[in-house]
Amino acid sequence: MRDKNTFDETFSTLRGVLTPYATRLLVQADTPDAYTLALRDVNDRVGRPLFFGGVRRGKAYVSYHLMILYGNQGLVKELSPGLRKRMQGETCFNFTAIDPAHVKELTALTKKSVARFNKKTLDKILPW
């Protein structure tokens with residue numbers, strides 16, 4: 001089992017990267033194990049608010065999800081090799097502990113993502 005204090009610190013730190021956007025975006029979950037944000041004015045094809053990103057505490061990792069990375073190779077190419085090693089799939093980063101350099105990079109990436117995730121831009125790329 002992983003060190004609970006390290007997981008708590010990692011979850012809290014990554015949650016702190018997203019919380020500045022809680023008023024602009026829609027908080028969908030805010031529990032001890034999950035914090036997720038969605039877009040207020042854009043829905044997915046079945047009518048739910050479109051998922052923006054989140055943090056989830058699992059058994060082996062604390063995961064940070066950022067949906068704008070899906071299919072966006074321009075942003076992925078900007079990632080440092082260290083952060084890229086943390087990627088699991090196209091939109092998820094897994095951590096057992098958090099490095100301050102990764103926090104700084106995720107903070108900048110999240111800020112850039114919020115700026116890009118607006119209705120005008122999404123209308124051009126979403127198929128529905």
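Annotations for the structure displayed:
- Rg/Rg_ref, the chain, where Rg_ref = 2.2 N^0.38 Å and atoms are Cα: 1.04
- Counting Lys and Arg as +1 and Asp and Glu as -1 over every other residue whose Cβ lies under 15 Å from the Cβ of residue 73, the net charge comes to +2.
- Between 0 and 90°, nearest 10: helix 4-18 axis offset from the chain longest Cα axis: 30 degrees
- For residue 30, the shell of other residues with beta-carbons less than 15 Å away shows a net charge of +2, using +1 for Lys and Arg and -1 for Asp and Glu.
- Build a GNM of the chain with springs between Cα atoms under 10 Å apart, and of 26, 18, 75 the one that fluctuates most is 75.
- Fraction of accessible area attributable to carbon and sulfur, the range 33-112 (%, probe 1.4 Å): 53 percent
- Here's the picture: charge each Lys and Arg Cβ at +1 and each Asp and Glu Cβ at -1 in the chain, and of 66, 100, 16 the one pushed furthest to the positive end of that dipole is 66.
- As a size descriptor, the averaged projected area of the C-alpha convex hull of the range 19-94 was calculated at 6.0 nm².
- Full-extension gain in nm, residue 5 to residue 19, via 0.36 nm per residue minus C-alpha separation: 3.0 nm
- Per DSSP, loop chymotrypsin sites (Phe, Trp or Tyr not before Pro) in the range 3-103 with at most 16 further Cβ within 10 Å: 70
- The calculated Kirkwood hydrodynamic radius for the range 1-53 is 12.2 Å, given to one decimal from all distinct C-alpha pairs.
- Nitroxide proxy distance, nm - points 7 Å out along Cα→Cβ at residue 73 and residue 29: 3.1 nm
The values are calculated or read from the model by the stated rules, or taken from the named source; none is laboratory data. Keep in mind that this is a model prediction, so the values were computed, not measured. All Cβ positions, glycine included, derive from the backbone under ideal geometry; neighbour counts span all protein chains shown. These area figures cover heavy atoms from the full protein model, side chains too; ligands, DNA and RNA do not enter into them. Shrake-Rupley method; radii C 1.70, N 1.55, O 1.52, S 1.80 Å.
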